[in-house]
Amino acid sequence: MSRRLAAVLDWLDDRTGFRVINHHLLDEPLPPGTGWWFTLGSVLLFGLGVQVVTGIALALYYAPTPDHAWDSVRFITTEIPAGRFLRGLHHWGASVVVVAAVVHLARVVFFGSYRKPREANWIVGFILLHVILAFGLTGYLLPWDQRAYWATVVAINISKLTPFVGEIVAGLLRGGPDIGALTLTRWYAIHVLVLPPALAGLVVVHLYLMRRQGVSGPIKARAGSPRPFFPYQAWRDLVMAIAVGVLLAALAWKGAPALEAPADPTASGYVPRPEWYFLGLFQLLKYFPGKLEVIGALILPGVVMTILALLPWIDRGQSREWRARRGLLAVFTAGLAGVATLTILGGMDHPKAGPAGWNIREAAGAALIQADDRCHRCHVADGIAAPIEVGRIDRPADWLAAHIADPEMIAPGLREPPETNQRDAAAILAALARLRSEAPPATDAATAHLDIVVNRTCLGCHTIDGVGGKDGPDLSTAGRKYDAAAIERRIINPVDVRPDAQMPAFGGKLPAEDIRAIAAWLAARK
Amino acid sequence: MTAPRDSRRSALARLVTGGIALITAGLAGLVGLVAVPRSGGAAKRWRRAMSLFDLGTKGPTAAVLTERHEDGWYETRKQTVVFIDRDGEGYRALSAICQHLGCRVRWDDSRQQFLCPCHGGTYDREGRVVAGPPPRGLERLNVRVNPQTSDLEVEL
C-alpha cells in the first residue's frame with residue numbers, strides 16, 4: 001500500500017472510525033471447522049445482490065403497462081447492448097436464489113443450527129424465504145407475455161380458495177375487477193418498491209442475529225482456536241460466489257427463455273405453466289379436484305410451512321448429532337424428496353400440443369402480408385409503419401381487424417390504403433395471430449398465389465382443415481374421392497357433373513390455370 | 001500471532017478483496033453497458049415534403065413531414081415542420097426550429113419574417129437572424145424536386 005493511500009485512510013479513519021467498524025464486521029471469530037457448508041448464506045447473499053443490480057438495470061427500460069410492458073421487454077432483449085444477457089442474469093438469478101435459499105435452509109436443518117438460541121433467526125430466515133418466493137411470483141408477471149399472464153391468472157384464482165376472505169385476497173392481488181393494467185402496476189410496485197426494502201431489512205436482521213449468536217459451527221465442536229471470518233472464511237465464500245457466478249453467466253449467456261406472444265386474455269387453449277419452483281404446488285393441485293382443491297392449494301402447503309416454522313420448538317433436544325435426530329431428519333428428507341418429486345412430475349406433465357402446420361387461411365394471410373402492394377406499402381424498413389415481424393405483433397385482434405379494414409384509421413391521409421375484401425382480411429388476421437409467435441413456413445410464389453385464390457374463392461362455402469364455410473362439402477380429403485381432372489370439371493361447371501349442384505360455375509370467372517392448380521392441389525389431399 | 005502467519009493472512013486478504021473488487025467491477029461494467037444510452041438517430045435521407053403544386057407564391061410554405069419515430073420501445077409518429085420557399089430558379093428549405101432554445105418559429109406574412117414565440121427571436125425570409133437572442137440563422141436543409149412525382153423532397 002502506498003504511503004499516500006495509507007495517509008488518506010488514516011485521515012478517513014480518524015474522522016469516521018471505519019476501521020473499528022470494519023474490524024467488528026469482518027473479524028468475527030468463527031469456531032474451528034466452520035467450512036464449506038457455511039458458505040451457502042453468502043452464496044444466497046451474492047445471488048440477491050446480482051438480482052438487485054440487474055433489476056435496477058432492467059428498470060431503466062421497463063414500462064409496467066399492458067400496452068408497453070411486452071414491447072419494453074422485447075426492446076431490452078433485442079436492442080439494448082448486453083440486454084439479452086442482463087435479462088438472462090435476472091431470470092436465472094431468480095432460480096439461483098431459490099435453490100440457494102432451499103439448500104441453505106436444508107443445511108441449517110441438518111446441522112441443527114436453528115436450535116436455541118437461534119429460534120428467532122430461524123423465523124427471520126423463514127420469512128425471507130417467503131419474500132424470495134414473492135419476488136419470483138410478482139416478477140413472473142412483468143414480461144406480460146402469455147406465460148406470464150396465464151400463470152398469474154392461476155395464482156390469483158388459487159388465492160380465491162382462501163377460506164372466508166378469498167374474494168378479498170384475490171381482489172387485493174388483482175387491483176381491479178380483472179387481471180390487467182391495475183394488476184401489472186400493483187405487482188410491479190410490490191416487486192420493486194415493497195419487497196426490496198423488506199428483503200434488505202430482513203437480511204440485516206438475519207445477519208445481525210447471526211453475529212449476535214455466533215455461527216453454530218460443525219455439528220460436533222472441534223478443538224482449536226477460533227479464526228477470523230476475514231479472510232479465512234471469506235475466501236471460501238468468494239470461491240463459491242465465483243463458481244455460482246460462472247454457472248449463472250453460462251445459463252444467462254443465451255438469455256432468458258424467449259418471450260411468448262403478448263398476453264392475450266381472449267386466447268383459448270393456452271396451458272399456463274408456472275416457473276419451475278412453483279411446479280410442485282402446481283402438480284399438487286392436480287390431486288385435489290373440485291371442492292378438495294383448497295387442501296392442495298392452501299391447507300397442505302400451509303401445514304407443511306407451519307411445521308417448518310415451528311421446527312426449533314418441535315426439535316428441542318440437546319445434541320445436534322444426526323443419531324439423536326433420526327426421526328426428524330427422515331421426515332425432513334422425505335419432505336424435500338416429496339417437493340422434488342412433485343416438481344419433477346409437474347415438469348414432465350407437458351401439454352402435448354404439437355406444432356400444427358399453417359392451415360390454408362393462415363398461409364393465404366401470410367402470402368397476402370408478403371405481397372408488395374398491400375401491407376408492405378407502409379410496413380417496410382424505413383417505411384411509415386414498423387415492419388411486420390414475428391413476435392412483434394402486440395395489438396389486440398379487434399384493433400388489427402379494424403386496421404386491416406381501414407388502415408387510414410391509424411394514419412390518415414398518408415398513403416392510399418389497399419383494397420381489402422372480407423376473406424382476405426380474415427386470412428391476414430389469422431396469419432397475424434400466428435405471427436405473434438412463429439414464422440410462416442417457406443413457400444414459393446405459385447403456392448402463395450394458390451393459397452390466396454383458394455382462401456378467396458373456395459373457403460366461403462367449403463371447409464379445408466377446419467377453416468372455411470359450411471355450405472359445401474368439406475374438402476380436406478377431396479383427393480380420396482376424385483382425381484384432378486374430375487375436380488377440375490366440377491369447378492368449371494358443377495352442373496355438368498351433377499345437375500342439382502348448388503355451387504356456382506367458376507369456368508370463365510377464374511383463370512384456367514388457377515382452376516387447374518386448385519384441382520391438382522385438392523386431388524393431392526388424401 | 002506470529003509474523004509469517006500474519007503475512008499469509010494479509011496475502012489471502014488481498015486476494016479475497018481483489019476477487020470481490022473483480023465481481024463488483026464486472027457487475028458495474030454490465031450496468032454501465034446497459035445504462036449508457038445509445039447515441040445517433042436515423043441516417044439522413046430524402047423525404048417527401050409536399051407537392052410542387054402546393055407551394056405558395058407569396059412566402060414560405062410550411063410542410064409537415066410525418067415519420068415513424070422509434071422512441072425506445074415506444075413507437076410513435078414524429079412530425080417535423082419545414083418551410084419551403086422559392087429561391088430564384090430553385091428552392092430553399094428552412095428548419096422551423098429556432099436556433100435559440102428549440103421552439104418552433106412561424107412565418108408572419110405581414111412582417112415578412114419568421115418569429116419565435118418563446119424569446120422573440122426574429123429571422124428574415126432567408127433565415128438570417130434579424131433580432132433577438134438566436135446565435136445563428138435557421139438551419140438550411142437540402143431540397144430537391146423529384147422529377148417523376150413533381151414532389152419537393154428535403155433531406156432530413
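All of the numbers you see were taken from the coordinates with simple rules; none came from a lab. Remember, predicted model here, so these are calculated numbers, not experimental data. Glycine also receives a Cβ, built like all others from the backbone with ideal geometry; neighbour counts cover every protein chain displayed.
Structure notes:
- Using C-alpha pairs below 8 Å separated by at least 6 residues, the relative contact order for chain A is 15 percent.
- For chain B, the longest principal axis of the C-alpha atoms and the axis of helix B:3-35 are separated by about 20°.
- Whole-Å distance, taken between Cα centres, linking the range A:468-482 and the range B:37-98: 56
- Counting Cβ atoms of other protein chains within 10 Å of each residue's Cβ and taking the mean over peptide A:185-192 gives 0.
- Among A:163-169, A:70-76, the order from most to least packed when residues are scored by Cβ within 10 Å on average: A:70-76, A:163-169
- Here the range A:125-275 is treated with +1 on each Lys and Arg Cβ and -1 on each Asp and Glu Cβ, and its dipole about the Cα centre works out to around 880 debye.
- Sorted peptide list for A:425-436, B:117-128, criterion being average Cβ within 10 angstrom, highest first: A:425-436, B:117-128
- With K and R counted +1 and D and E -1, the other residues having a Cβ less than 14 Å from that of B:R92 yield a net charge of -3.
- Relative packing of peptides A:270-277, A:84-91 - highest average C-beta neighbours within 10 Å first: A:84-91, A:270-277
- Cα centroid of the range A:190-236 to Cα centroid of the range A:1-55, whole Å: 12
- Taking the longest Cα principal axis of chain A as reference, the axis of helix A:40-59 is set at about 40 degrees.
- Within the straight-line cut-off of under 17 Å between alpha carbons, the aspartates and glutamates reachable from A:K254 are A:E79, sequence neighbours fewer than 8 places apart in one chain being disregarded.
- Only Lys, Arg (+1) and Asp, Glu (-1) charged, at Cβ; the range A:477-526 dipole about Cα centre in debye: 240
- Selection from B:A21, B:S51, B:P117 lying farthest towards where the dipole of chain B points positive, charges on Cβ: B:A21
- For the range A:360-457, alpha-carbon Rg and Dmax in angstrom: 12.6, 35
- Antiparallel content of DSSP bridges confined to the protein assembly as shown, in %, to 5: 95
- Selected from A:P494, A:A519, A:Y482, residue furthest toward positive end of dipole (the range A:477-526; charges at beta carbon): A:Y482
- Computed [θ] at 222 nm, helices only, for chain A once each DSSP H run of length n ≥ 4 contributes -39500 (n - 2.57): -17500 deg cm²/dmol
- Cα gyration tensor, the range A:477-526 - rounded (a/c under 1.5), prolate or oblate: oblate
- Kirkwood Rh, angstrom, the protein assembly as shown [1 / mean 1/r, Cα pairs]: 31.7
- Averaged over A:241-254, number of beta-carbon atoms from partner chains that fall within 10 Å: 1
- The separation of the range A:58-108 from the range A:358-400, counted between C-alpha centres, amounts to 30 Å.
- Shielding of A:76-89 by partner chains, average beta-carbon count, 10 Å: 3
- Semi-axis lengths (Å, descending) of the ellipsoid that matches the C-alpha gyration tensor of the range B:13-156: 45, 21, 12
- Rounded to the nearest 20 debye, the dipole magnitude of the range A:293-379 is 440 debye, with +1 charges on Lys and Arg beta carbons, -1 on Asp and Glu beta carbons, and the Cα centre as origin.
- Karplus 3J(HN,Hα) series, Hz, for the range A:294-306 with 6.51 cos²θ - 1.76 cosθ + 1.60 (x for Gly, Pro): 4, 5, x, 7, 10, 5, 4, x, x, 4, 4, 5, 5
- Entry for the range A:287-366 at q = 0.17, 0.21, 0.25, 0.27 Å⁻¹: log10 I(q)/I(0) = -0.88, -1.07, -1.24, -1.29, Debye formula applied to identical alpha-carbon scatterers, no solvent contribution.
- Degrees separating the helix A:83-110 axis from the principal Cα axis of chain A, which is the longest one: 40
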